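J.: After the C-alpha cells below, expect a handful of questions from me.
Quick note: the coordinates plus some simple rules give every number you see, no bench work behind them. Predicted model, so just to flag it, every value in this text is computed and none were measured. Cβ: placed from backbone, ideal geometry, glycine included. Neighbour counts: every protein chain shown.
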Amino acid sequence: MSAISLLQSAELSTDYRQQLQQQFGLCITTEPDGWYLSMQQGALVLQNSHLPKQGAILVDFASGASSYRRQHGGGKSEAIAKAVGLNKKTQLSVLDATAGLGRDAFVLASLGASVTLVERNPAVAALLADGLRRAVADPMLSSVAGRMQLCHCPAMQALKNSAAVDVVFLDPMFPAREKSAQVKKEMRAFHDVVGSDDDADNLLAPALQLAQKRVVVKRPGYAGWLADKAPTMAVTGKNNRFDVYVNAAI
Ligand SMILES: C[S@@+](CC[C@H](N)C(=O)[O-])C[C@H]1O[C@@H](n2cnc3c(N)ncnc32)[C@H](O)[C@@H]1O
C-alpha cells in the first residue's frame, strides 16, 4: 500500500487543502508520482500519473450507477436490501465497517437506513468525505446524505467503541474475477491504493458482538465464508453473495 499525496493546484482552495490535510493526514505534492488526489471540476479525484488512460476515480452519488440504482433499482427487493433486512424495516442503523467508495452504504441509506461509513484508508476516506460534501449540497441527495456519516478509523476501533447498531455490514477486499471495464479500472486502483484486507477475518467476532440484529458479509459468489464461519443464511445477488449472521429477528 503506497502513501497518496494531494496535488497543490489553483482549483484546491487553501481552506479545503488544510481541512483535507488535517482530517486525513495527506501530504501535499506539486509533482505527483503514481497515485495522487487532486481537485477537478469541483470534485476530489484519484488518479495515477503513470496511467493516463486510467481515468479519474471519485465518489459521485449524483450520477452513474449510484443514481441509476437509487431511481430505477430493485429497491427493497435487491439482494443487499433483503440481506440487511430493509425489506422488513427501513429505519435500521447500519455500521458499514469497510465503506470503500460508499456505493453499498448509499444504496442502504437510499432505502432509509442510517449508515456510519468506516474507512481506514486516508485517500479513500478523503474521496468519501468529498462525495458526501457534494451530496449534502445537492437538493436531490441531501436527505439520503444526511443519513450517512463518515468515520475515518480502523473497523476494529469502530466495532469496539460504537454505540449499538442494528446491523454491521462487511465487504472486505477479495481478489476480483469480474470483467467489466469499469470494475477492472476501480479494482486496479483499489488494489494499488488499499492493498489486500488480510485482517478481514478478525472483524467477524467483534461485528457479531456489536450488531443487535445481524451481520451481513458481502462476498463474491466464488469466495468462501469470512473467518470460515457458516452464516445463518445467504442471499444471492447478481454478482455477489451476502452471508447473513442473525443475532435477533428484525
Ligand atoms: C471492497 S472495498 C468496499 C466497497 C464498498 N462496499 C462499496 O460499496 O464501495 C473495501 C474497503 O474496506 C476498507 N477496509 C478494509 N478493512 C478495513 C478495516 N479493517 N478498517 C477500515 N476499513 C477497512 C478498505 O480500505 C477498502 O476501501
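J.: Taking neighbour counts of Cβ atoms within 10 Å as a proxy for exposure, in what order, fewest first, do LEU101, LEU37 appear?
T.: LEU101, LEU37
J.: Based only on the alpha carbon positions, what is the Kirkwood hydrodynamic radius of the range 91-138, in angstrom?
T.: 10.9 Å
J.: For the chain, set up a Gaussian network in which alpha carbons nearer than 10 Å are linked by springs, and say which option among LEU170, LEU117, LEU51 fluctuates the most.
T.: LEU51
J.: What nm distance separates the two modelled labels at GLN40 and SER63, each placed 7 Å from Cα along Cα→Cβ?
T.: 1.1 nm
J.: Label LYS76 and MET156 with points 7 Å out from Cα along Cα→Cβ: what is the distance between them in nm?
T.: 3.9 nm
J.: Starting from 0.36 nm per residue, how many nanometres of slack lie between SER142 and THR236 once their C-alpha separation is accounted for?
T.: Going from the current span to full extension adds 30.8 nm.
J.: Angle, helix 181-194 long axis vs. longest principal axis of the chain, Cα atoms, 0 to 90°, nearest 10?
T.: On a 0 to 90 degree scale, this one is about 80.
J.: Arranged by the count of other C-beta atoms within 10 angstrom, fewest first, what order do LYS89, LYS53 take?
T.: LYS53, LYS89
J.: Counting other C-beta atoms within 10 Å, which of PHE61, PHE106, PHE190 has the fewest, and how do the rest follow?
T.: With the fewest neighbours first, PHE61, PHE106, PHE190 line up as PHE190, PHE61, PHE106.
J.: In nm, to one decimal, how far is the modelled label at ALA56 from the one at ALA223, with both set 7 Å along Cα→Cβ?
T.: It works out to 2.9 nm between the two label points.
J.: Next question. What do you get for the angle between helix 122-136 and the principal long axis of the chain? Use alpha-carbon atoms, 0 to 90 degrees, nearest ten.
T.: 80 degrees
J.: Calculate the translational D of the chain in whole µm² s⁻¹ from Stokes-Einstein, where the hydrodynamic radius comes from the Kirkwood formula applied to all Cα pairs, the temperature is 37 °C and the viscosity 0.692 mPa s.
T.: It comes out at roughly 177 µm²/s.
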